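As structure tokens, the structure follows; a few thoughts come after it.
The values are calculated or read from the model by the stated rules, or taken from the named source; none is laboratory data. Computed from a prediction, not measured in an experiment: that's the story for all the values here. Here the Cβ positions follow ideal geometry from the backbone for every residue, glycine too, while neighbour counts run over all protein chains shown.
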Amino acid sequence: NNRLVKHLDKGKALHEGQAGFRVGRGYVDNIYTLNELMQGRLKEGKETYAFFLDVQKAYHSMWRNGLWFKLWEFGVRGKMWRVIKKMYEYSKSAVLLDGEWSEAFDVEQGVAQGCSLSPILFSVFINGLLREVEEAEIGIDLSSGGRLGGLLFADDFVGVSESKDQLQTLIDVVHAYCRKWRLKANVSKSAVMVFARESVDGAWKWGEYVLPRVSKYTYLGVDFTSTGAWDVHIKNVLDNGRRKVNQLHSVISNRDINLSARRLLLLAVVRPTLEYGGEVWEDSG
């Protein structure tokens, strides 16, 4: 796992728009980038068109032959390539039903659930999506230079554009990539959102299906709204915090338990819930 990560980082193989499972990166990078982009454009009176993609059973359904090709393309060859491929050569599974196991059957697609290597393999597999969006010259020009067309964290993708038509072009590029590499979108859980001060008309399609148009979308655990307001997310964070406190009430109110231990429990369980995404929404005011 570490050898593969070092190889990918050394060669800068993964797109800069990928933040998942990388040293020094995390979900905050993506939500901060998306928030800064749309907040800045809102202040300038500009709309930001966003497409959120939900990949159906991403790890379970990964096309293995496509993965071997992608690894080779990334320069993962020789012994490392053979070892990874060998891990899945004779993978089998069985089903436990009513206390009895079924006969073992071959598993011909997907990567192992719970394996620390799986997220890295998926990052390799889906990396080309950002490359194709970039090559199609889709996205929003940044004041710092360059262009932002999309962001990835594992299988959570968001693509952005500055116009209705360009967003449909972006969706078409993503749709074509998914068909080519055998990824299936969960259309009902994917969505389009237009960040704007006033309502904007429009409809967008994923192939023949009309995508849901939403005014709120939860991306990486953070509730984004079409107006850029943070009240929905903050309310949900507070509600979740109260729920955690209620669940722990019998413990934290027990005077027989050391005060330091009760405080530590609150800091470990409740505080992270209350602070989730705080680096971004505190900065937004």
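Taken over the stretch 190-215, the criterion of being over 11 Å from residue 227 (Cα atoms) and not aliphatic (A, V, I, L, M) is satisfied by 190, 201, 202, 204, 205, 206, 207, 208, 209, 212, 213.
Output yes when any residue across the stretch 131-143 is surrounded by fewer than 21 Cβ atoms within 10 Å (Cβ to Cβ), charged (D, E, K, R) and within 13 Å of residue 52 (Cα to Cα), and no when none is. Looking through the stretch 131-143, none of the residues is surrounded by fewer than 21 Cβ atoms within 10 Å (Cβ to Cβ), charged (D, E, K, R) and within 13 Å of residue 52 (Cα to Cα).
Conditions (1) among the charged types (D, E, K, R); (2) in contact (Cβ under 8 Å) with a residue 12 or more places away in the chain, marked per residue:
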{"site": "132", "(1), (2)": "yes, yes"}
{"site": "157", "(1), (2)": "no, yes"}
{"site": "188", "(1), (2)": "no, yes"}
{"site": "199", "(1), (2)": "no, no"}
{"site": "216", "(1), (2)": "yes, yes"}
{"site": "223", "(1), (2)": "yes, yes"}
{"site": "228", "(1), (2)": "no, yes"}
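Condition first: modelled with pLDDT under 95, loosely packed, with under 13 Cβ neighbours inside 10 Å and not polar (S, T, N, Q). Can you find one or more residues in the stretch 157-176 that meet it? The answer is no; no qualifying residue exists.
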